[in-house]
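Only one structure is covered here, and it is reproduced in the block below.
The values are calculated or read from the model by the stated rules, or taken from the named source; none is laboratory data. As the structure is a prediction and not an experimental result, all values here were calculated from the model. Backbone-built Cβ (ideal geometry, glycine too); neighbour counts: all protein chains shown.
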Amino acid sequence: MSQDVSNPQLPPKSDESCGLEHLLRHAKIWRAGVTPSSKGIPTGFPVLDSLLPKNGWQRNSLTEILTQQEGIGALRLMLPTIAWFTQMQRVVWVCPPYVPYAPALQAAGVVLERMLIIEPHEDHQVDSEYILWAFEQALRLMDCGVAMAWIGAAQHMRLRRLQLACEQGQTLGVIFRPEVYAVQTSPAVLRLSLVNAVDTTVKVRILKAQGGVNACSCQLQL
């Protein structure tokens with residue numbers, strides 16, 4: 001292994017020390033004496049960031065995105081975040097209802113090599129229990145920055161387990177659910193509702209945000 005030419009007096013680094021430095025630079029490693037950033041993860045939509053308590057998605061937490069209908073723009077809302085995370089970490093899709101369209105993702109800046117899509121074996125029936133289980137495992141993965149799942153009904157206790165998994169895995173968890181579940185209580189730190197507005201805009205309503213919000217809604221071009 002070559003020596004550091006910037007300082008010839010320094011001995012070459014061992015494989016062990018290089019591995020340790022790489023590990024300590026990992027986004028999910030917290031070091032004693034270093035205060036973690038309390039700033040949120042930018043959503044890619046400044047107007048939405050300005051309304052949220054930490055000016056973005058809250059780290060290590062569960063977020064719910066509820067929609068009136070499919071195709072309203074819920075995934076497009078997450079695209080800037082997906083692209084941002086894939087520069088450093090893996091993004092996990094748990095049983096998406098449609099096959100992600102690679103050219104569109106790549107055009108949005110997503111690093112496809114860091115995407116992981118979890119799908120059941122051909123002989124395994126896809127049900128809510130399987131999706132919730134797989135999603136919880138994804139939230140605990142060391143190299144997972146954000147995990148997403150599409151679910152319907154779920155018991156409060158099960159959602160609470162997902163929130164705890166986000167905290168333990170230091171992962172942003174996002175679940176997409178139908179609007180009908182907005183009336184149910186949820187342990188998710190952030191809950192957003194998407195509804196059609198004028199023309200091609202979507203109204204984003206903040207149903208719940210830990211720490212309060214500056215306004216309860218905004219309109220986005222998705």
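Quick notes on this structure:
- Residues of the stretch 55-85 satisfying the condition of being within 25 Å of Leu164 (Cβ to Cβ) and β-branched (Val, Ile, Thr): Thr63, Ile65, Thr81, Ile82
- Candidate set from the stretch 163-215 (those that are closer than 19 Å to Leu62 by Cα and at pLDDT below 90); member that is surrounded by the most Cβ atoms within 10 Å (Cβ to Cβ): Val213
- Subset of the stretch 123-147 [of a type in the set (A, V, I, L, M) and in a helix (DSSP H, G or I)]: Ile131, Leu132, Ala134, Ala138, Leu139
- Test: residue in the stretch 60-67 that is within 11 Å of the chain's Cα centre (by Cα) and farther than 26 Å from Asn196 by Cβ: yes
Here is a yes/no grid of residues against (1) over 19 Å from Gly40 (Cα atoms); (2) hydrophobic (A, V, I, L, M, F, W, C); (3) surrounded by 21 or more Cβ atoms within 10 Å (Cβ to Cβ):
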| residue | (1), (2), (3) |
| --- | --- |
| Glu70 | yes, no, no |
| Gln87 | no, no, no |
| Ala107 | yes, yes, no |
| Met115 | yes, yes, no |
| Leu141 | yes, yes, no |
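- Criterion (touching a Phe, Trp or Tyr at 6+ places or on another chain (Cβ under 8 Å), part of a loop (DSSP other than H, G, I, E, B) and farther than 24 Å from Val183 by Cβ) met by exactly one of Pro97, Pro80, Pro120: Pro120
- Cβ-Cβ under 7 Å pairs, at least 6 apart or on other chains, the stretch 183-205 side touching a residue at least 40 places away in the same chain (Cβ under 8 Å) and of a type in the set (Ser, Thr, Tyr), far side assigned to a strand (DSSP E or B) and surrounded by 14 or more Cβ atoms within 10 Å (Cβ to Cβ): Ser186/Glu64; Ser193/Leu66; Ser193/Arg205; Ser193/Leu207
- Within the stretch 85-108, residues that are farther than 17 Å from Ala134 by Cβ sit with their Cβ atoms under 7 Å from residues that are among the small types (Gly, Ala, Ser) and modelled with pLDDT of 95 or more, at 6+ positions apart or across chains, in these pairs: Phe85/Gly145; Met88/Gly145; Gln89/Gly145; Ala108/Ala83.
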